[in-house]
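Asker: What follows is a single structure, and I will ask about it in a moment.
The values are calculated or read from the model by the stated rules, or taken from the named source; none is laboratory data. It should be emphasised that the depicted structure is a prediction, and the values quoted were computed from it without experimental measurement. Here the Cβ positions follow ideal geometry from the backbone for every residue, glycine too, while neighbour counts run over all protein chains shown. Please note that ligands, DNA and RNA were not included when accessible areas were found on the heavy atoms of the full protein model with its side chains. Shrake-Rupley method; radii C 1.70, N 1.55, O 1.52, S 1.80 Å.
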Amino acid sequence: MLVVTRIPTHRNDGSKISKRERRAFLTLVRDTFGGYSLEGPFEGSWIADDGQVYDETSYRLEVLVPPERVKEARELFRRMGKQLGQRAIYFEVRETGEIIDLD
């Protein structure tokens, strides 16, 4: 399963997320799931249920996980979003993708 989430460059209160803090999360993801792909940054915007508009910049993080570990990935990204001061975090699961070992 391909799991996709976003890592923001700033918290919802506007404070910047440091490169060191982002690197710590990426290292945790790599060590937990064996690797990741990071693209961006990308501009985006969303409206919360209370009408608050959030314009933000984020990186797209993709991780390949076996089906039985999708819940683990969801929980890790949920914790990551909370620690990064987010009100919400994008989480997508696709049923495609594989790593082809070329050895």
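Asker: Counting only residues that are modelled with pLDDT under 95 and hydrophobic (A, V, I, L, M, F, W, C), which one in region 71-90 is nearest to LYS16 (Cα to Cα)?
Answerer: Among those that are modelled with pLDDT under 95 and hydrophobic (A, V, I, L, M, F, W, C), it is LEU84.
Asker: For the list (1) open to solvent by 40 Å² or more (accessible area, probe 1.4 Å); (2) of a type in the set (Phe, Trp, Tyr); (3) more than 26 Å from ILE100 (Cβ to Cβ), I need the number of the one condition that PHE25 fails.
Answerer: (1)
Asker: Can you name the number of the only condition in (1) more than 15 Å from the chain's Cα centre (by Cα); (2) more than 15 Å from GLY81 (Cβ to Cβ) that TRP46 fails?
Answerer: (2)
Asker: Within region 1-22, take every residue that is touching an Asp or Glu at 6+ places or on another chain (Cβ under 9 Å) and farther than 15 Å from GLY81 by Cβ and give me the one that is most open to solvent (accessible area, probe 1.4 Å).
Answerer: Residue satisfying both the conditions and the ranking: MET1.
Asker: State whether one or more residues within region 29-41 are of a type in the set (A, V, I, L, M, F, W, C), modelled with pLDDT under 95 and not in a loop (DSSP other than H, G, I, E, B). Outline the logic, then answer.
Answerer: Of all residues in region 29-41, those of a type in the set (A, V, I, L, M, F, W, C) come to 29, 33, 38.
The next check asks that each one be modelled with pLDDT under 95; those that pass are none.
Checked against the condition, which is being of a type in the set (A, V, I, L, M, F, W, C), modelled with pLDDT under 95 and not in a loop (DSSP other than H, G, I, E, B), region 29-41 yields no hits at all.
Asker: Only residues that are free of Cβ contacts under 8 Å to residues at least 24 places away in the same chain and farther than 17 Å from ILE7 by Cβ: list them for region 73-100, please.
Answerer: Scanning region 73-100 gives a single hit, ILE100.
Asker: I'm trying to understand the selection: among the residues of region 57-103, which are open to solvent by 100 Å² or more (accessible area, probe 1.4 Å), assigned to a loop (DSSP other than H, G, I, E, B), farther than 15 Å from ARG11 by Cβ and touching a strand residue (DSSP E or B) at 6+ places or on another chain (Cβ under 9 Å)?
Answerer: Across region 57-103, the qualifying residues are TYR90, GLU95, GLU98, ILE99.
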